[in-house]
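One structure below.
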Amino acid sequence: MRKALGFIAALLVFGVAAVGWCAQTVYAAHDQVRFTQTILLGDPAVADGLSMQTHATYGNHLFWDSTIKLQAGAPHTQTEYHFFNTEQEQSYDQSHQGVEIYSAVQSSGSNFLDTPKYRQTGLERVYQELYDSAATDKEVEKTIMVADYCEYYPLEGFISLEGINHDFGIWTYGPSQSDSLAMWNKLQEFFRIPVLPTERITISLTKSRDGSLATSSSGNEEGDQFYLDTQSVVTPQTCYFTFNNHTLKGNTVDTSLIPGGYGIYALDYAAGVVKTLKGGGIEIAENGCLHLDSLRMVFPIDTTEEFLQLSQWEDDGTLLLYTRHKNDYFLTIIEMDTMQQIQRLKIQSTQTDDGAWYNLLENDDFIVTVIDQTATVLLPNGDGTFRIDMQTPNTLNLEYLSWHRDSNAIAYNNGKLAVAYENIDQTTGFRYAPCFNTVIFDNTGLVFLAQYQSSLRNVLTDSYNSNEIVRLVDQNPIEVTWK
């Protein structure tokens, strides 16, 4: 009996060892992702020292973190593989959007029936009049001059800060809380922008037998149009924001009634307490507080300049303001402690003063601007200012530097800019594998282009679910470094 038990125990030990050996042997090669390099342009020696790291997943259960180092003209790949029994939540940026204000001309009819008639103002009255005159199941349409119903642009939007969430979609359901209503009233009073006298919209409405309602509105080409849309920079105590004061036809709206005029605005707040939930969401444990009376203009912007982007350079206390004046593009550096300009750098000029395609990418160590077909690299001088270190001719193919590029997927070294981006079939939109392209530019233009084909493959049909394929993760899918 003892011999039998010993034999069984030996078999168990051997079995466990065999399973372990099989897992190590069989999966070792499987876990190591291979990337095949296809050089389409340039000398591979240009890319020596460049590293690309891809993060791929299958169903958020299997994960491959592959590092591809380019040395002596060839890719050398190392992969870390992870398997989880339960589906893993991908991490997302929990940063707050700040002050988001929109002109409500296009959405004012969404839920006007939920607003009592005594509270209906401006464009809601148009929808109410149209509703009262509409026959059942018949679409009615009307083109109006916006200025006939609104003296100033109506506002809607929300404020998202740490421990603070306010929705003041006054043209839909309206502010539901007294503090949100106070916030909306403050913003509406502060940002009084007269409606363009020539702006027209066409609205339509269908009243169904069951009481349901369908509404829509669209701009009319006969007149100019203005869409207010703010952009924010959030710091621990203050939210800075501004908007483009230009209309669709390049005219400027009247911002003279805004206290202080047109520029960058600031709103102070006391942050609340936010807890991160296990599933990746957040919960407000203690509400924060907006200081409504602190709303002010803190830095003037020339009304003739077109606003492009507002951001903060790392945590060094400076704001970066990108603007365009006719065919000249500028970066203005503003010290946040004093809100004083410390540099105004002309990035480049274009051949047209009607505005060119642009893209702005800010890495931890440098800034890349893509304007028209020119890429420019700006390096910090260490005193808050920047200098132009590399600029390509105006001949770039924008396919390589389109709007959605991730700032983690760019690297700069000794006058060479590298950019990596996912390779997706342009015809079908399918991801046949988590593959990518890498391009390198210098001051002569494009000097290197290569495709990297992953050994992880997908068998695709006419459609697929994102959890049924191997794909790059949503947050930071590709990272690029250069040593």
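The values are calculated or read from the model by the stated rules, or taken from the named source; none is laboratory data. Keep in mind that this is a model prediction, so the values were computed, not measured. Cβ coordinates were reconstructed from backbone atoms using ideal geometry, including for glycine residues, and neighbour counts include every protein chain displayed. Just so you know, the surface numbers come from the protein's heavy atoms only, side chains and all, with ligands and any DNA or RNA stripped out. Shrake-Rupley method; radii C 1.70, N 1.55, O 1.52, S 1.80 Å.
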- Query: Out of the residues in segment 199-223 that are in a loop (DSSP other than H, G, I, E, B) and either of a type in the set (Lys, Arg) or at pLDDT 90 or above (or both), which is surrounded by the fewest Cβ atoms within 10 Å (Cβ to Cβ)?
  - Reply: 209
- Scan of segment 308-331 for residues that are under 16 Å from residue 383 (Cβ atoms), crowded, with 19+ Cβ neighbours inside 10 Å and of a type outside the set (A, V, I, L, M), ordered by number: 318
- Item | Selection from segment 372-423 of residues that are exposed (fewer than 14 other Cβ atoms within 10 Å of the Cβ), in contact with a Phe, Trp or Tyr (Cβ under 9 Å, 6 or more places away or on another chain) and part of a loop (DSSP other than H, G, I, E, B) | 402, 403, 404, 414
- Item | Filtered residue count, segment 395-416, keeping only those that are without any contact (Cβ under 8 Å) to a residue 24 or more places away in the chain and over 23 Å from the mean Cα position of the chain (by Cα) | 1
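Any idea which residue in segment 240-276 is surrounded by the fewest Cβ atoms within 10 Å (Cβ to Cβ), counting only those that are in a loop (DSSP other than H, G, I, E, B) and hydroxyl-bearing (Ser, Thr, Tyr)? Outline the logic, then answer.
We begin by selecting, within segment 240-276, every residue in a loop (DSSP other than H, G, I, E, B); these are 244-245, 247-251, 253-262, 271-272.
From the residues that got through so far, the ones that are hydroxyl-bearing (Ser, Thr, Tyr) too are 247, 255-256, 262.
On the way: 247: 17, 255: 19, 256: 11, 262: 22.
So, considering only residues that are in a loop (DSSP other than H, G, I, E, B) and hydroxyl-bearing (Ser, Thr, Tyr), the one surrounded by the fewest Cβ atoms within 10 Å (Cβ to Cβ) is 256.
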- Message: Take the conditions touching a residue at least 12 places away in the same chain (Cβ under 8 Å) and either touching a Phe, Trp or Tyr at 6+ places or on another chain (Cβ under 6 Å) or under 27 Å from residue 383 (Cα atoms) (or both) and apply them to residue 246. Does it pass?
- Response: no
- Sole residue being more than 27 Å from residue 475 (Cα to Cα) and of a type in the set (Phe, Trp, Tyr), chosen from 386, 366: 386
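Return yes or no: is residue 70 touching a helix residue (DSSP H, G or I) at 6+ places or on another chain (Cβ under 6 Å), at pLDDT 90 or above and within 26 Å of residue 412 (Cα to Cα)?
Numbers: touching a helix residue (DSSP H, G or I) at 6+ places or on another chain (Cβ under 6 Å): yes; at pLDDT 90 or above: yes; within 26 Å of residue 412 (Cα to Cα): yes.
For residue 70, the condition - touching a helix residue (DSSP H, G or I) at 6+ places or on another chain (Cβ under 6 Å), at pLDDT 90 or above and within 26 Å of residue 412 (Cα to Cα) - is met.
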- Query: Which members of segment 430-454 meet the condition of being surrounded by fewer than 18 Cβ atoms within 10 Å (Cβ to Cβ), at pLDDT 80 or above and not in a strand (DSSP E or B)?
  - Reply: 443, 444
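Against the condition surrounded by fewer than 16 Cβ atoms within 10 Å (Cβ to Cβ) and among the charged types (D, E, K, R), how does residue 286 come out, does it pass?
Numbers: surrounded by fewer than 16 Cβ atoms within 10 Å (Cβ to Cβ): yes; among the charged types (D, E, K, R): yes.
Taking the combined requirement at face value, the residue satisfies it.
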- Task: Please verify whether segment 339-347 includes one or more residues that are surrounded by 14 or more Cβ atoms within 10 Å (Cβ to Cβ) and under 30 Å from residue 446 (Cα atoms).
- Result: yes
- Query: In segment 77-196, which strands (runs of 3 or more DSSP E) lie fully inside it and hold 2 or more residues that are open to solvent by less than 30 Å² (accessible area, probe 1.4 Å) and either on the phi < 0 side of the Ramachandran plot or at pLDDT below 80 (or both)?
  - Reply: 98-103, 155-161, 164-167
- Does segment 359-370 contain at least one residue that is over 22 Å from residue 413 (Cβ atoms) and surrounded by 13 or more Cβ atoms within 10 Å (Cβ to Cβ)? no
- Message: Exactly one condition in (1) part of a strand (DSSP E or B); (2) β-branched (Val, Ile, Thr); (3) open to solvent by 20 Å² or more (accessible area, probe 1.4 Å); (4) under 27 Å from residue 370 (Cβ atoms) is false for residue 298; which is it?
- Response: (4)
- Message: When you check residue 355 against the structure, is it farther than 30 Å from residue 397 by Cβ, within 24 Å of the chain's Cα centre (by Cα) and modelled with pLDDT under 90, yes or no?
- Response: no
